[in-house]
1. Among the residues of the stretch 20-40, are any small (G, A, S), modelled with pLDDT under 90 and open to solvent by less than 100 Å² (accessible area, probe 1.4 Å)?
2. Against the definition (among the aliphatic types (A, V, I, L, M), open to solvent by less than 100 Å² (accessible area, probe 1.4 Å) and either over 12 Å from the mean Cα position of the chain (by Cα) or modelled with pLDDT of 95 or more (or both)), how does V15 come out, yes or no?
Amino acid sequence: MWQFRSPRHDERGDVPGWVMITVMSAGIVAVLSAVAGPQLRQMLTQALSAVGG
């Protein structure tokens, strides 16, 4: 007689998927900071000098 066996539940989850998401997120942050970094730095400097006098 055939017995039904429940599928094994793996506690690790989708490890390669999480690694890919993490690497892609880090890449997006690096590209955005390279492109917008100088402009953001200039805006911050101007704001601080306006507040400081």
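1. no
2. Criteria met by V15.
The values are calculated or read from the model by the stated rules, or taken from the named source; none is laboratory data. Everything numeric in this text was worked out from a predicted model, so none of it was measured. Accessible surface is based on the protein model in full, side chains and every heavy atom, while ligands, DNA and RNA are left aside. Shrake-Rupley method; radii C 1.70, N 1.55, O 1.52, S 1.80 Å.
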